[in-house]
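Please read the structure below before turning to the comments.
What follows draws every value from the coordinates through simple rules; no lab data is involved. All figures in this text were calculated on a predicted structure; none of them were measured in a lab. Every residue, glycine among them, receives a Cβ derived from its backbone with ideal geometry; neighbour counts consider all protein chains shown.
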Amino acid sequence: MKPLIKDGRIVADEWSLLSHEALDDIDLTPAGPRQIVPLAHYRTHAEVLRTQGHRIAILLGPDDEPDAVAPYLADIALVAIHFPSFTDGRGYSTARLLRVRFNFSAEIRAVGDILRDQLYFLHRCGFDAFSLRADQDVNAALSAFDDYAWAPDFGALPRTAPKGSLPLRDPAADK
Amino acid sequence: MYRYNETDQRLVDDRVRQFRDQMQRHLDGKLSEDDFRPLRLQNGLYLQRHAPMLRVAIPYGTLSSMQLRMLAHIARTWDRGYGHFTTRSNIQFNWVRFADVPDILALLATVQMHAIQTSGNCIRNITTDQFAGVARDEILDPRPYCEIVRQWSALAPEFQFLPRKFKIAIAGGEEDRAAVRFHDIGAKACRSDQGEPGFEIFVGGGLGRTPMVGHCIKPFLPRAELLNYFEAILRVYNRYGRRDNKYKARIKILVKDLSVEGFAREVDAEWRHTRGAGSLIPESTFATMEAFFAPPAYADARATDLAFVAPRAENRPFARWVERNVAPHRHPGYGIVTLSLKKTGVPPGDATADQMDRVAELAERFSAGEIRVSHEQNLILPNVPLRDLYALWEIARRSGLATPNIGLLTDVVCCPGGDFCALANAKSLPVAAAIQARFDDLDYLFDLGPLELNISGCVNACGHHHIGHIGILGVDKNNEEWYQVTLGGSEGKHSRLGRVIGPSFAASDIPDVIERILQVYLRERLAEECFIDTLDRIGLTPFKLAVYGERHEAAH
Ligand code: HEM
Ligand code: SF4
């Protein structure tokens, strides 16, 4: 099982991610009980999967609208957001909107081209789980959450207003 | 000036530590060039034609004398003894050693400086009016707002990987001296009908290969909403800006695709969610920030002081320098001094380590220890008593910093071009030098009056050639360097792009071409009319005729 960083720790990933390709000829009785499926697939097959006893989560592509997933947020265990390349920053906004605008408090997982050097910023936007690119050293990556002591600070002026727009947990509290 | 609090200092220190680690992993082969490139760029480190280049941020162009001394020290110790001040009020060191950069950044952090987000697809250094806080026509001092935006944008987690670079300029004066309509976001201070302070917001301006003048999408934004509104713009851009083609990835293309109204609607829809909450800036923050930028204690200086009036009457070179290089100050008896980095033959914007030390010393002696960098690539001492001008001028002159040419033809704005830049199509520095050498006669220059000449070595337009009254652009034709000339560009209130006059020229022809253009102006001008106004009145045709002759006229 691929390691996952969750809340600042390495854990075993219990979820399988069904890629678009895999979904093309899926028989709807996939092996694992916990499946992450693309939004479009969720829309059409969620009921069937559920009646078969699967737990389901949703995968959003970089151009999926957070509004589109909003109706299902209460029913799913996690949202995974895909980064085709680490330099494609759309997923940062998606995560932040899910947290701030839709008050989604369950797991938001970053998948795809996820590297150690972006973890701090992803985390600050509301991601709390990270499935790193295969070549990354997962143990070494844990220290990325300490890259900066700075975190949105609601106390002191004059940083309050400029920085304090992210109602997120303090990274230190995740350990 | 703003002084870092503990959080600011921690942040730049942590950044240095983080980058040192990234550099080490890269050197150890654990971080590939592809994965490292965006990281080093976000720390200002480029690979240029001949050597690595480090771009250091000078937030809104403001430096303390201590910071300038550090830049001098870095130039002397880690580079080849000079630095290049850019049109974005940054400084570039052209000859640093790759692996030394973390050490240089650590030194910068000791004087509250950094290179964060000076490159890469993120929010870049905020620029403003070089006369901020001392200009007579000021509506709001832009610096407190610049600092607020700087803090918000530095490491803004959501906006580290935008479709493309993002440049913000904020101007505080009646006159726009920050070219706000040529930035991704431009904010120009204004007041509502009720007198509340706020900003007029422009988006989608920019130069580069698709030059565009920015459009107003909000005639009045209350100042407390500045960050909420910027965040809405950035989020719309981050989510919908094109990422498939880097030449179409700037916000200006998105604004064009959605139409200005369409884009403004998207931003308003996003803003609706945070308006009145979110990152609303409390009044107390403005007060705290404004206190940092309080004016120095002004002495009881007078414009009639003999120490100023006498040399001005007797000494023509001094009087000429005062005429061109000293701007009116808001406080009586004071002046704003521009130290020219445009001495003939010296690359525009370049300063040696010794010159930087000298400017720091002048700032301490005469100008409350503060220096500004202008987007015309000169250095400014914002608070000089007129009675000290003569003493200052004598020292500046000995250091090659008192060329009396501010706003004149030889105050050339120019990018590093083919001598340094890997993207260049043509050299720009020798062209600037040739023009400065040809038009070195001060009587002639003063007679010509205000004239902006801008040179870029390729379409990226780092030398702002589109907005020069005369613009020169280096182009490549069959592997040869050629130069295209535009006329009539302008920034400020009458922002617009220059028009190409015709086929391009060889470098050696450029001084002659400029001379013919100037002859038309001198022949046609009405009393007191400056170049750009004559050009507006008579149009391009007489200039084209003078440059290309009848042949060209017939061909068009
Ligand atoms: C030498 C290394 C440099 C490189 C590789 C570089 C690269 C670029 C590129 C690719 C663009 C076009 C961006 C676009 O249109 O999307 C650009 C624009 C620009 N650069 Fe540079 N540049 C360099 C140096 C400079 C210098 C020295 C200055 C100041 C003198 C400068 C100031 C600007 C400005 C003001 C623009 C404005 C165009 C705009 O963004 O709208 N750059 N640069
Ligand atoms: S305009 Fe072109 S040549 Fe000049 S610095 Fe910019 S990218 Fe380089």
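Numbers for the structure displayed
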item	result
Average beta carbon contacts from partner chains per residue of B:156-168, 10 Å cutoff	6
In order through segment B:374-389: 3J(HN,Hα) via Karplus (6.51 cos²θ - 1.76 cosθ + 1.60), integer Hz, x for Gly, Pro	9, 6, 8, 6, 10, 10, 10, 9, x, 9, 10, x, 4, 5, 8, 4
Prolate/oblate/rounded label for segment B:413-555 (Cα gyration tensor, a/c 1.5)	prolate
Too-long pairs where the Cα-Cα distance tops 18 Å, listed order kept, from B:Lys218/B:Lys252; B:Lys342/B:Lys477; B:Lys188/B:Lys218	B:Lys342/B:Lys477
Within chain B, helix-based [θ] at 222 nm, where runs of 4 or more DSSP H residues each add -39,500 (n - 2.57), nearest 500	-11500 deg cm²/dmol
Long-range Cα-Cα pairs in chain B (distance over 46 Å), rounded percent	10 percent
B:Gly214 long-range amide H proximity, modeled H, under 5 Å	B:Phe182, B:His183, B:Gly205, B:Gly206
Cysteines in chain B that, by Cβ-Cβ distance, have no pairing candidate under 4.7 Å	B:Cys122, B:Cys146, B:Cys190, B:Cys216, B:Cys414, B:Cys421, B:Cys458, B:Cys530
Averaged over A:90-96, number of beta-carbon atoms from partner chains that fall within 10 Å	6
10 Å Cβ neighbours from other chains, averaged over peptide B:10-23	3
log10 of Debye I(q)/I(0), alpha-carbon scatterers only, for the protein assembly as shown at 0.06, 0.07, 0.11 Å⁻¹	-0.39, -0.52, -1.19
Kirkwood Rh in Å, taken over segment B:306-398 so that all alpha-carbon pairs contribute	13.4 Å
B:Phe505 long-range amide H proximity, modeled H, under 5 Å	B:Tyr483, B:Gln484
Exposure proxy order (Cβ contacts within 10 Å, fewest to most) of B:Leu280, B:Leu381	B:Leu280, B:Leu381
Three principal axis lengths of segment B:6-109 [C-alpha, angstrom, descending]	40, 37, 24
Compactness of segment B:127-289, expressed as Rg and Dmax over alpha-carbon positions, Å	15.1, 46
Residues with amide H under 5 Å from that of B:Phe166, placed H, sequence gap 5 or more	B:Cys122, B:Arg124
Long-range tail of P(r) for segment B:46-187 (Cα pairs > 26 Å, %)	27 percent
Cubic angstrom per residue, convex hull over Cα atoms of segment A:49-158	133 Å³
Cα centroid separation, segment B:222-263 to segment B:338-400 (Å)	38 Å
Neighbour cut-off at most 10 other Cβ (10 Å), DSSP loop, trypsin sites (Lys or Arg not before Pro), segment B:1-79	B:Arg3
